[in-house]
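The values are calculated or read from the model by the stated rules, or taken from the named source; none is laboratory data. Being a predicted model, the structure only gives us computed values, none of them experimental. Every residue, glycine among them, receives a Cβ derived from its backbone with ideal geometry; neighbour counts consider all protein chains shown. We work out accessible area using only protein heavy atoms, side chains counted, and drop any ligands, DNA or RNA first. Shrake-Rupley method; radii C 1.70, N 1.55, O 1.52, S 1.80 Å.
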Amino acid sequence: FLVSFSDSWFQAGFVLTTGINSVFVLGYSGTIMVPLGWVGGVVGLLLATAISLYANMLVAKLHEFDGKRHIRYRELAGQIYGREAYYITWALQYVNLFMINIGYLILGGSALKAFYVLFNEEHTLKLPHFIAIEGVVCILFAISTPHLSSLRIWLGCSTVLSLIYIIVACVLATNDGLNAPPRDYTIHWTSTTSRIFSTIGASANLVFAFNTGMLPEIQATVRQPAVKNMLKALYFQFSVGVVPMYAVTFIGYWAYGSSTPTYLLNGASGPLWVKASANMSAFLQSVIALHIFASPAYEYLDTKFGITGSALELKNIAFRILARGSYLTISTLVSAMLPFLGDFESLTGALSTFPLTFILANHMFLVAKKNKLSSLQQSWHWLNVGFFALMSVAATVAGIRLIIVDSSEYHIFADV
């Protein structure tokens, strides 16, 4: 894990902003706005933006805790709580990254399917087939890109690809909305139980949209003063950075209402070449983004098995084929079996985003700064810990239930 301590706050803010506006933005109209509606969706996104900024500011302020810089989230937790917390945080982070990778595989497969449907009327291939193709491409990319530093030009490509599908999605949805009859924005529930669990699941999607659980790792690259510079990066992320995501999410829901698809471009009409370029851009960006979020797992495996020397050595290539191929094969199989994007976003938010970004951030700040906090400030942080703990439990139950319900309705390897 290489640390430069030399990046500007703007570069860190750009990395964070790119993460917010990854291919996941094409799913938020369907996974957040449809189950919550205009009032719940807009208010929920604004609240999620505010509380996410606040929680990330707490973590950023702890970066130089106890006289040293902590370059990993788990090391910070271990310094504050002890060795057990190190391993618990490590586990939460890797669950978070695994679930994010599942989402990228589903979205990449959806983008590739949408591209295929434009040119093939028979629709012989189904979504699981395209998720499998996405998995194979990701494996080839992982084998040929041994380290994060190897990405280089690919990061620039990722930004260009993001701009393509965001601009195309906004333009096509706006055109559809202007030319469409009045839309139905009613929230459709089959029962009160369904309404409760769908709302809780969507609330987990809200926090998933803004958080990666990797803030200390990103802050580790920022030059001194690290805390002030990281706070500037966060202000940039949660102001300028959220505008494209808001635009895609709100325009998509405005254009298609309650019938907004989980993958926004599936509902858009327009010139074939424009839609094809947007879908292909989304597919390619998902491959690059998945590699970034899978890299901590790759680096852990490389370190554990003592992989050193040139990346082109035969034994190192063989190891990448075996280790990374196995990891991505398992991820692809889960994605193809249960291709329910919104459900996995909910479960990711419940299992890792709530604990890492909200519960842990508030409690770590409470423990680290307890002698400097007033009784009112301490009560505020304890209230946050309790509230988000309850939300985490409720959202976990809701996420698992949603996957079970969808699995029973659509069967595994569904073409959704």
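A few points about this structure:
- Under the criterion of Cα pairs below 8 Å and six or more residues apart, the relative contact order for the chain equals 35 percent.
- Ligands, DNA and RNA are left out, and with a 1.4 angstrom probe the accessible area of the chain is 43 Å² per residue.
- Each peptide in 266-272, 162-168 receives the mean, over its residues, of other Cβ atoms within 10 Å, and ordering these scores from highest gives 162-168, 266-272.
- Distance (nanometres) between label positions extended 7 Å along Cα→Cβ at Lys370 and Trp382: 1.1 nm
- Neighbour cut-off at most 12 other Cβ (10 Å), DSSP loop, GluC sites (Glu not before Pro), the stretch 67-142: Glu121, Glu122
- For the stretch 183-314, the equivalent ellipsoid derived from the Cα gyration tensor has semi-axes of 36, 22, 19 Å, listed largest first.
- Rolling a 1.4 angstrom probe over the chain with all protein chains present gives an accessible area of which 69% lies on carbon and sulfur atoms.
- Length-normalised contact order of the stretch 303-399 in % [C-alpha pairs under 8 Å, at least 6 apart]: 34 percent
- Taken along the Cα-to-beta-carbon direction at a fixed 7 Å, the label points for Arg83 and Val393 span 3.0 nm.
- Once divided by 2.2 N^0.38 Å, the Cα radius of gyration of the stretch 211-275 becomes 1.65.
- Span from the the stretch 267-328 Cα centroid across to the the stretch 7-36 one, whole angstrom: 19 Å
- A simple packing score, the average count of other Cβ atoms within 10 Å per residue, orders the peptides 180-193, 274-287 as 274-287, 180-193, with the highest score first.
- Two-site FRET efficiency, Ala50 against Leu314, from Cβ-Cβ distance with R₀ of 41 Å, rounded to 0.05: 0.20
- Gained length - Ser6 relative to Tyr246, 0.36 nm times residue gap less alpha-carbon distance: 83.3 nm
- Given their separation in residues at 0.36 nm each and the Cα-Cα distance between them, Ile321 and Ser259 gain 18.2 nm when the chain is fully extended.
- Distribution of pairwise C-alpha distances over the stretch 1-116, 10 Å bins, in %: 11, 28, 36, 20, 5, 0
- Given (1) 21.0, 68; (2) 24.6, 92; (3) 22.8, 75, the label whose value is Rg and Dmax of the Cα atoms in Å derived from this model: (1)
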